[in-house]
Amino acid sequence: MREFTPEELRKFDGISGPAYVACDGRVYDVSESFLWRDGRHQVIHRAGGDLTHELEDAPHGRELLERFPVVGTLKVK
């Protein structure tokens, strides 16, 4: 499984390619979700980043991300 640095993850912003987001050290491919069009979700969240802390305030839990393919892990410095 691929290991992403935060810098590498930023390249997967959903604008010119796949949309990836990280949470709790896992990287998910949300590209196929209509809720992540153009790499944005609910105008607040952007693909290419770590949503671990942002999900604490979300109206849904982390289990929602488990519907998407895991494409790697996030390397934390």
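Tell me, what % of the accessible area of the chain is carbon and sulfur with a 1.4 angstrom probe?
Carbon and sulfur atoms account for 51 percent of the accessible area of the chain.
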With every protein chain present, what is the per residue accessible area of the chain (1.4 Å probe, Å²)?
68
Just grab the label-to-label distance for R2 and D24, each label 7 Å out from Cα along the Cβ direction, in nm (one decimal).
2.3
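What fraction, in whole percent, of alpha-carbon pairs in the chain exceed 18 Å separation?
On the way: 870 of 2926 pairs.
The calculated P(r) of the chain puts 30 percent of pairs beyond 18 Å.
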Report the accessible area of D13, computed with a 1.4 Å probe over the heavy atoms of all protein chains in place, in Å² rounded to the nearest 10.
50
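The values are calculated or read from the model by the stated rules, or taken from the named source; none is laboratory data. Quantities reported herein were computed from a predicted structural model and do not represent experimental measurements. Glycine gets a Cβ as well: all are built from the backbone with ideal geometry, and neighbour counts include every protein chain shown. Just the protein is used for accessible areas: all its heavy atoms, side chains included, with ligands, DNA and RNA removed. Shrake-Rupley method; radii C 1.70, N 1.55, O 1.52, S 1.80 Å.
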